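Student: Sharing a structure, written as structure tokens. Questions coming.
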Amino acid sequence: MKKTASILLSAALALNVTGVASAHGYQHHHKCDGHNHGEHAKAWNAVHQFEGQAVLTDGTKYMVQYNEHSGAVNVMVKKEDGNKKYVFTEKEAKERVAEFVKSLDLSTKLSKEEVVQRLSDALGIKPSDVEQVKANVKFGHHSHVALSYKKGENTDLHLNNIKDANVLLKGKDGYFYHVTYNMEENGQFHAVVEKKTADGKQVLKDQAALQELARVQEGLTPKAGTTLKAYIDQAAAVLGVQPEDVEQAKLDLNFDQGTKIHFDYKK
């Protein structure tokens, strides 16, 4: 039962928004003015702020700060080795870190190992020496990503490991599409789809709800490279309204390994 439910839910929520979504502890928040889709679509992948920390097996710590404002970029890299502290001033080191941060866009699919590999390359350290990594990223559209990695943990994060999910779409005339899903420790699951469209109001539960999710999967979840405007178009198709009539699109996913994904658009 658990495997069947997981497979159906995986198909229904095939979220490939970002490589960082593969990393432990992802959170994504977004709010914008619905009348400026073009401007926000352009800013969809822009990183404005990054704060990260890498701890090596010998206890050495690296701290990275990246800020971009009005085109001006400021990068600071610090190193703590015992009681000694260093601040990197080399232009090349800062440029490597800046390139790493800029590559954290919402259309790149990266595994945890690739994120650690690229951050290690930017800092000039060996990935095998990295004990753990923590990072916070803020994008141009006010979304927020938080990720963490610890050496030796299971990094095989797949959508069939979803523990619970909550998806909500709202449109004009009271139209809505609400999905809730929860997988219990004993393998039992609960899924409910409540919707109101031009066809009327309907409530589906468990297997019927999972089948409905599989039917509308492409409209509920953004794919790799999807712009904000394109996602709102998808949501509009599910609701049966025009894109400009989509009032809210909210997505919350919790994986059994602690990964969290949150997306919230409000017009």
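Student: Can you give the FRET efficiency to the nearest 0.05 for residue 184 and residue 78, using r as the Cβ-Cβ distance and R₀ = 51 Å?
Tutor: After rounding, the FRET efficiency stands at 0.70.
Student: Check which residues have an amide H placed less than 5 Å from residue 151's amide H, if you skip close sequence neighbours.
Tutor: 132
Student: Further question: Take the residue pairs 150/205; 79/267; 94/163; 172/205; 163/195; 61/250 and return only those whose Cα atoms are more than 31 Å apart.
Tutor: Flagged as over cut-off: 150/205; 79/267; 94/163; 61/250.
Student: 5 Å is the cut-off here: which amide hydrogens, built 1.01 Å from N in the peptide plane, fall below it relative to residue 175, excluding neighbours closer than 5 in sequence?
Tutor: none
Student: Same structure, new question: Ordered by residue, what ³J(HN,Hα) values in Hz, to whole numbers, does region 55-70 give under the Karplus form 6.51 cos²θ - 1.76 cosθ + 1.60, where θ = phi - 60° and Gly and Pro are x?
Tutor: Per-residue couplings from phi come out as 10, 8, 5, 8, x, 5, 10, 10, 10, 10, 10, 9, 9, 10, 9, 6 Hz.
Student: Calculate one ³J(HN,Hα) per residue across region 47-54 by plugging θ = phi - 60° into the Karplus curve 6.51 cos²θ - 1.76 cosθ + 1.60, and present them in order as whole Hz with x for glycine and proline.
Tutor: 8, 9, 8, 9, 10, x, 9, 10
Student: Next question. Residue-wise, which Karplus ³J(HN,Hα) couplings in Hz belong to region 124-136, taking 6.51 cos²θ - 1.76 cosθ + 1.60, θ = phi - 60°, and x for glycine or proline?
Tutor: x, 10, 8, x, 5, 8, 7, 8, 7, 9, 10, 8, 10
Bear in mind that the values in this text are calculations on the coordinates, not laboratory data. A quick note: this is a predicted structure, and the numbers were derived from the prediction, not measured. All Cβ positions, even for glycine, are placed from backbone atoms using ideal geometry, and neighbour counts span all protein chains on display.
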